[in-house]
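The block underneath contains the structure these notes are about, expressed in structure tokens.
The values are calculated or read from the model by the stated rules, or taken from the named source; none is laboratory data. Since the structure is predicted, the reported quantities are computational estimates derived from the model, not experimental observations. Cβ: placed from backbone, ideal geometry, glycine included. Neighbour counts: every protein chain shown.
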Amino acid sequence: MPKQPQTADGYIRVSRRAGREGESFISPEVQRQKIAGWAELHDVEIVRWFEEIDQSGAKLERPLFQEALARCERGETGGIVVARLDRFARSAVDALESIKRLNAAGARLVSVEDNFDGSTPMGRFAIGILSLIAELELERIRENWQTAKREAVGRGVHISGHVPTGYKRDESGRLKRDEPAASIIAEAFRKRALGVSWTGLATFLEKNKVYPASGNKHWSKSAVAKLIGNPVYLGQARSGDVVKEHAHEPIVTRAEFDAAQGSRTLLRPRDGSLAAQALLGGLIRCAGCGHTLKIAGHVTPSTQGRYPFYYCVGRYATGLCPDRATIRAETVDRYVEQQVLAALNAEGGLVAEARAASDQLDHATRAVTDAEHELDLFVLDPKLLTLLGERKFREGVEVRQRALDDARAKLAEARSQAAVIADLPSGDLIKAWPTLSIPDRRRLLHGLLAQVILTRSPGRGNKATPVGERTQIILRGNVVLVPIPAA
């Protein structure tokens, strides 16, 4: 019984610019002849021809090209034959991606002039080389994009498809305040710092006819949370790790921004005077289970007056708390206030910690820059691949990439450590602290603190554990505040 011929589709592509043929133009007739000649020589039946005119090889989404790939994936043909590899794709990345699709379907790619056949050992070797070239091409694409981002952000340009609510874009691409929306956004930050919920903020924004940048006329809770967490309102232009401070006029101060991030939606104006007396709502957590403590009122037996206290609910979806913590709000609030104010005044206190964190951040930033430069020098040197060979070249890239990943991890840690408020309260503000309103004190504390952890006291009354021994204060950046003894 005679052997059945293998099947394949012939793919032809030509490019034209302004109606003129390019330098590398190969006529459809010539391409068809080359493909047909190869098929006859190798006993392959061309079951269908695809011919695309005025289609760039740099574009992967060519209709007929995608149809030819789909036929292979459906098993309707055994592969694709082209006259030359650049008829298939001009990008190594795109070519490799399409070859992977063919391999997964059990089909093959043949390029007649290049003597490339993906089903042969040499063809598979060529695919390996193509993979390496594709990786290098992707690295260059990423580097070019990173350079473009750095340059744009360096000019203060906000890189985004949407202009953030409260801003508009000027002719240079920089942001400027857009009133009255900007003032309403600032008020939303202040409301969040005081404990207004995401739903409450959404209602507030919609009532004032301030809408999301997407054009939607309604705010979701996640959209409001994203707005409050967006550092663009601090005046930052950023894209990923690339940040430029003072790129445009801020809408909120650093203290207002950080206070809004620290809020846990527990202190609400509608709760009245009871909740308004508690400074640490949303910040204070139970050491036994890690959950945020709730606020409730307690009746004093002697005066029948009510005062707030923090307590752990004890029963959660994850289980029961083994050591429920509770404490009178006034007791722990006063202690935390004293410790924070003392640390601001102390030699080597918060100011020294912030300076040390800043030095670490500078060092980590330089380390990332050096590691990126080292990787670029290695990858972009055209001679190294030939001199070292593929295996050693890959090993060299991997070593330098690991060094860069480590440097970036340390930079992220340094940035976290440096997250303590840059503009710490001055001595004058510390002196004026007793005269500040409770909302102002709350806003400043929420800006400085990440959380306060309270452990359970085994005893009550005179046998209760002192508040200083039960309380751990953690600043933003996960810096634990060392207790300062009372004078």
Cβ pairs under 9 Å, 6+ apart, first in the range 68-83 and exposed (fewer than 15 other Cβ atoms within 10 Å of the Cβ), second among the acidic types (Asp, Glu) and part of a strand (DSSP E or B): Glu76/Asp9
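Table: residues versus (1) within 26 Å of Arg391 (Cα to Cα); (2) modelled with pLDDT of 80 or more; (3) not in a helix (DSSP H, G or I).
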residue	(1), (2), (3)
Trp49	no, yes, yes
Glu61	no, no, yes
Glu67	no, yes, no
Ala70	no, yes, no
Ser131	yes, no, no
Number of the condition not met by Ala464 [criteria: (1) surrounded by 19 or more Cβ atoms within 10 Å (Cβ to Cβ); (2) modelled with pLDDT of 70 or more; (3) of a type in the set (A, V, I, L, M, F, W, C)]: (1)
Would you pick out the residues in the range 25-47 that are outside any helix (DSSP H, G or I) and farther than 14 Å from Thr7 by Cβ? Phe25, Ile26, Ser27
Gly195 meets each of (1) surrounded by 13 or more Cβ atoms within 10 Å (Cβ to Cβ); (2) out of contact with any Lys or Arg (no Cβ under 6 Å at 6 or more places or on another chain) with one exception, condition (2)
Across the range 423-461, which residue is modelled with the lowest pLDDT among those that are small (Gly, Ala, Ser), under 22 Å from Val252 (Cβ atoms) and surrounded by 15 or more Cβ atoms within 10 Å (Cβ to Cβ)? Gly447
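How many of the residues making up the range 310-339 are in a strand (DSSP E or B) and surrounded by fewer than 14 Cβ atoms within 10 Å (Cβ to Cβ)? Working first, answer last.
Looking only at the range 310-339, we keep the residues that are in a strand (DSSP E or B), and these are 310-311, 315-316, 319-320, 326-328.
Right, trim to surrounded by fewer than 14 Cβ atoms within 10 Å (Cβ to Cβ) and you get 315-316, 319-320.
Of the residues in the range 310-339, 4 are in a strand (DSSP E or B) and surrounded by fewer than 14 Cβ atoms within 10 Å (Cβ to Cβ).
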Being touching a Ser or Thr at 6+ places or on another chain (Cβ under 9 Å), in the same structural domain as Leu175 (by TED's automatic domain parsing) and modelled with pLDDT of 80 or more is true for just one of Val232, Val252. Which residue is that? Val232
Mind listing whichever residues of the range 293-326 are of a type in the set (Ser, Thr, Tyr) and at pLDDT below 85? Thr300, Ser302, Thr303, Tyr307, Tyr316, Thr318
